[in-house]
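Visitor: Sharing a structure here in structure tokens format.
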Amino acid sequence: QVDLVESGGGSVQSGGSLKLSCAFSGDLFSVHSMGWYRQAPGKEREFLAGISGSGELTTYADSVKDRSTISRDNVRFTVFLQMESLKPEDSAVYYCNARRSYRFANEFGYWGQGTQVTVSS
């Protein structure tokens with residue numbers, strides 16, 4: 001059973017940055033593509049960024065692609081999301097996802113419990 005634990009969320013002022021981490025356990029990390037999603041109150045969960053098992057491929061949503069970097073450490077079984085120039089509309093619960101396929105436009109795979117990010121103006 002895959003287990004995902006996010007960390008690194010918190011409160012930050014507009015224009016600031018955060019680096020989220022997600023620790024993976026329970027299976028072979030390098031065969032899983034990893035994704036970051038977020039869900040704001042009253043909104044559906046949305047995809048932000050994804051990375052292939054090897055780390056060679058990455059993909060981003062238009063809303064964050066110029067401000068975010070996804071990366072992974074296949075030795076420490078961790079995936080990261082670095083976000084810059086944060087805006088109040090980035091406030092949400094951020095979730096980590098693990099899946100076998102490099103397709104992120106669905107709710108498949110394993111999910112962490114999320115970490116709250118709050119951006120104040």
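The values are calculated or read from the model by the stated rules, or taken from the named source; none is laboratory data. Because the structure is a prediction, the values reported are computed rather than measured. Cβ placement follows ideal geometry from the backbone for every residue including glycine, while neighbour counts extend to all protein chains displayed. For the accessible areas, the whole protein counts, side chains as well, though only heavy atoms, and no ligand, DNA or RNA atoms are used. Shrake-Rupley method; radii C 1.70, N 1.55, O 1.52, S 1.80 Å.
Visitor: Just the number, please: carbon plus sulfur as a percent of the accessible area of the chain, 1.4 Å probe, no ligands or DNA/RNA counted. Provide the component values of the computation, followed by the final result.
Guide: Details: 3010 of 6360 Å².
Carbon and sulfur atoms account for 47 percent of the accessible area of the chain.
Visitor: Give me Rg over Rh for region 1-111, both radii from the alpha carbons and Rh done the Kirkwood way, two decimal places. Before the final figure, lay out each step's value.
Guide: Details: Rg = 13.1 Å, Rh = 14.0 Å.
Rg/Rh for region 1-111 comes to 0.94.
Visitor: Next question. Where both partners of a DSSP beta bridge lie in the chain, what percent of those bridges are antiparallel, to the nearest 5?
Guide: Values: 37 of 41 bridges.
Roughly 90 percent of the beta bridges in the chain run antiparallel, per DSSP.
Visitor: Let me ask you something else. Given a 1.4 angstrom probe, what's the average accessible area per residue across the chain, in square angstrom?
Guide: Values: 6360 Å² over 121 residues.
Spelled out: the 1.4 Å probe surface of the chain, per residue, equals 53 Å².
Visitor: Using a simple spin-label model with points 7 Å from Cα along the Cα→Cβ vector, what separation in nm is obtained for THR69 and SER7?
Guide: For the pair THR69/SER7, the computed spacing is 2.1 nm.
Visitor: List the GluC sites (Glu not before Pro) within region 25-121 that DSSP assigns to loop and that have no more than 13 neighbouring Cβ atoms inside 10 Å.
Guide: Listed in order of number, the matching sites are GLU44, GLU56, GLU107.
Visitor: What number do you get for region 48-121 when its Cα radius of gyration is normalised by 2.2 N^0.38 Å, N = residues? Walk me through the intermediate numbers first.
Guide: Numbers: Rg = 12.7 Å, N = 74, 2.2 N^0.38 = 11.3 Å.
The reported ratio for this selection is 1.12.
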